[in-house]
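The values are calculated or read from the model by the stated rules, or taken from the named source; none is laboratory data. Predicted, not measured: the structure shown is a model, and the values here were computed from it. Cβ coordinates were reconstructed from backbone atoms using ideal geometry, including for glycine residues, and neighbour counts include every protein chain displayed.
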Amino acid sequence: MMKLKIFFLAVIFAFSSVAFGQKAEMNPDAAKLYNEGNSLVKSGQYSGALEKYNSALEIEKNAKIYYQKSIALKKLRKFKEAESTLLECIKVDSNFVSAYSGLGTTYYSLKKYQKAIDNFNIYLKKSNNEKQNQKIKKFIGLSYTQLGRIAKQDGKHKSAVKYLKEATANYDYDAAYLLLAEIYNDLGEYRKALEVADKAINYRKKISKGAPYYYKGLAFKGLGDKEKARENFKVAAKDKQYKNNANYELKNLK
């Protein structure tokens, strides 16, 4: 879970540096302060950058300035302030598309995952940049995965499956496939569990190596195929994270 959070924050900040939208020229005095703020952001002086952006906004209410201010706020982990700043950005220019992706990542950080998805989808409707659109679809997949995780924790397995299917429709995310495998096993839908566990293996980037094999083992066990269950539990047992559970299952296979 922590790895996912760190990964997402890293992607947020990498994506935040690219803004698409307003093309109108800026007031020269505001532009000077804006550029000084950008330089401070690049050097990691985020509080100083905020002062520059605030001074620039006193001269001109410009969407680009609001957007860059939101980046500095997110760097300082002031996500609520970033939210209000991005909403002001949209008031100034509703076609400043990066504001919607910015809101999406902000809402994700605030754990408001449905709002994140809603704003990412607005971005997709307004953007013609296919490369950035693919990144946004990835963020949508991550957001749906979190909704699926929450639904599972609340015992709402059908809702969890729905969210996770939406996640994988947008992004072939290994953790989403793995969570689906776990849920399908819980529901006794073992063949579906095998299918998504194989996808978790095929797209594995973040999950531990033994994780999908453990859930494949459970699925084969549920289907009564002890030989294949044993084969997969043995692979899972090589993974420190799943070693104890896999060995327990191996011990109890008869």
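Within segment 80-113, the set of residues being more than 19 Å from LYS137 (Cα to Cα) and of a type in the set (D, E, K, R) comprises LYS80, GLU81, GLU83, GLU88, LYS91, ASP93. Could you tell me whether segment 132-144 includes any residue that is of a type in the set (A, V, I, L, M) and under 18 Å from ARG77 (Cα atoms)? Looking through segment 132-144, none of the residues is of a type in the set (A, V, I, L, M) and under 18 Å from ARG77 (Cα atoms). ALA176 meets the conditions (1) surrounded by 22 or more Cβ atoms within 10 Å (Cβ to Cβ); (2) more than 17 Å from the chain's Cα centre (by Cα); (3) among the small types (Gly, Ala, Ser) in every case but one. The failed one is (2). Residues in segment 184-206 that are of a type in the set (A, V, I, L, M, F, W, C), surrounded by fewer than 22 Cβ atoms within 10 Å (Cβ to Cβ) and within 24 Å of LYS156 (Cα to Cα): LEU187 only.
When the residues of segment 40-81 are filtered to those that are in contact with an Asp or Glu (Cβ under 9 Å, 6 or more places away or on another chain) and outside any helix (DSSP H, G or I), which remaining residue is surrounded by the fewest Cβ atoms within 10 Å (Cβ to Cβ)? Among those that are in contact with an Asp or Glu (Cβ under 9 Å, 6 or more places away or on another chain) and outside any helix (DSSP H, G or I), it is LYS61.
Mind checking which residues of segment 207-225 are buried (at least 16 other Cβ atoms within 10 Å of the Cβ), under 24 Å from LYS254 (Cβ atoms) and of a type in the set (A, V, I, L, M)? Correct list: LEU218, ALA219. Each residue in segment 58-87 was checked for being polar (S, T, N, Q) and farther than 18 Å from PRO28 by Cβ, and 3 of them qualify. A search for C-beta distances below 8 Å between a residue of segment 92-115 that is outside the structural domain of LYS61 (by the TED database) and any residue that is of a type in the set (Ser, Thr, Tyr) and modelled with pLDDT of 95 or more, counting only pairs 6+ apart in sequence or on different chains, returns nothing. Scanning segment 98-132 for residues that are over 18 Å from THR145 (Cβ atoms) and assigned to a loop (DSSP other than H, G, I, E, B) yields SER127, ASN128, ASN129.
Within this structure, LEU147 passes the test of being in a helix (DSSP H, G or I) and buried (at least 18 other Cβ atoms within 10 Å of the Cβ). Do we find a residue being touching a helix residue (DSSP H, G or I) at 6+ places or on another chain (Cβ under 8 Å), without any contact (Cβ under 8 Å) to a residue 24 or more places away in the chain, within 16 Å of ALA116 (Cβ to Cβ) and not acidic (Asp, Glu) anywhere in segment 151-163? Taking every residue of segment 151-163 in turn, at least one turns out to be touching a helix residue (DSSP H, G or I) at 6+ places or on another chain (Cβ under 8 Å), without any contact (Cβ under 8 Å) to a residue 24 or more places away in the chain, within 16 Å of ALA116 (Cβ to Cβ) and not acidic (Asp, Glu).
Scanning segment 70-83 for residues that are out of contact with any Gly (no Cβ under 6 Å at 6 or more places or on another chain) and under 19 Å from VAL41 (Cβ atoms) returns ILE71, ALA72, LEU73, LYS74, LYS75, LEU76, ARG77, LYS78, PHE79, GLU81, ALA82, GLU83. For segment 82-97, residues that are surrounded by fewer than 24 Cβ atoms within 10 Å (Cβ to Cβ) and in a helix (DSSP H, G or I) total 7.
The test for being assigned to a helix (DSSP H, G or I) and within 26 Å of SER98 (Cα to Cα) holds for ALA169.
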